[in-house]
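Working notes for the structure below.
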Amino acid sequence: MHEYSVMTQIVDSILAEADKRKANKVEEVDLELGEYTLLGDEQLKFAYELMSKDTILEGSKLNIRHLKGKIKCTSCDYEGPVLIAEDSPHRMVPILTCPKCSGIAQITEGRECLVRNIRMVVPDV
Ligand SMILES: [Zn+2]
């Protein structure tokens, strides 16, 4: 599952950050998810819980914030939200054609998957 490989990187980066600040516990993590990453919230949360076991992330909360996406046409100057086609009840596919001229459009925003904020407990030295 795609969510697992993404979450492995996220958990690694959180642990690296916590280690840098000598935190002994992480309480909450805010994640920003572009709407065209095509990652499922539930799957991400499940993967997070699984991977946080026996680490300082265990029992912490994962908040997912969604970011709107944007496309840009390569032939005209159109720039705007991406249209999504549902080709089956379980799959959402971004339509990468320009609504103005039917040219080829590229996703310019909405593919990010970033850790925005980590609340951690750092013991007094
Ligand atoms: Zn266009």
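Derivation of every value follows stated rules applied to the coordinates shown; laboratory data play no part. Quantities reported herein were computed from a predicted structural model and do not represent experimental measurements. Here the Cβ positions follow ideal geometry from the backbone for every residue, glycine too, while neighbour counts run over all protein chains shown.
Brief remarks on what is shown
- Residue count, region 98-111 (criterion: in a strand (DSSP E or B) and either in contact (Cβ under 8 Å) with a residue 60 or more places away in the chain or surrounded by 14 or more Cβ atoms within 10 Å (Cβ to Cβ) (or both)): 3
- Region 95-119 - residue that is under 28 Å from residue 3 (Cα atoms) and among the charged types (D, E, K, R) and, of those, nearest to the ligand (Cβ to nearest atom): 109
- Filtered residues of region 62-78 (kept if touching a residue at least 12 places away in the same chain (Cβ under 8 Å), within 16 Å of the ligand (Cβ to nearest atom) and surrounded by fewer than 14 Cβ atoms within 10 Å (Cβ to Cβ)): 74, 75, 76
- The residue of region 48-63 that is nearest to residue 30 (Cα to Cα), among those that are assigned to a loop (DSSP other than H, G, I, E, B) and not β-branched (Val, Ile, Thr), is 60.
- Residue ID - farthest from the chain's Cα centre (by Cα), chosen from residues in region 64-84 that are assigned to a strand (DSSP E or B) and closer than 13 Å to residue 102 by Cα: 73
- Residue satisfying condition, being farther than 19 Å from residue 6 by Cβ, loosely packed, with under 13 Cβ neighbours inside 10 Å and touching a helix residue (DSSP H, G or I) at 6+ places or on another chain (Cβ under 6 Å), within set 86, 58: 58
- Residue 26 away from the ligand (no atom under 16 Å from the Cβ) and either of a type in the set (Ser, Thr, Tyr) or in contact (Cβ under 8 Å) with a residue 40 or more places away in the chain (or both): yes
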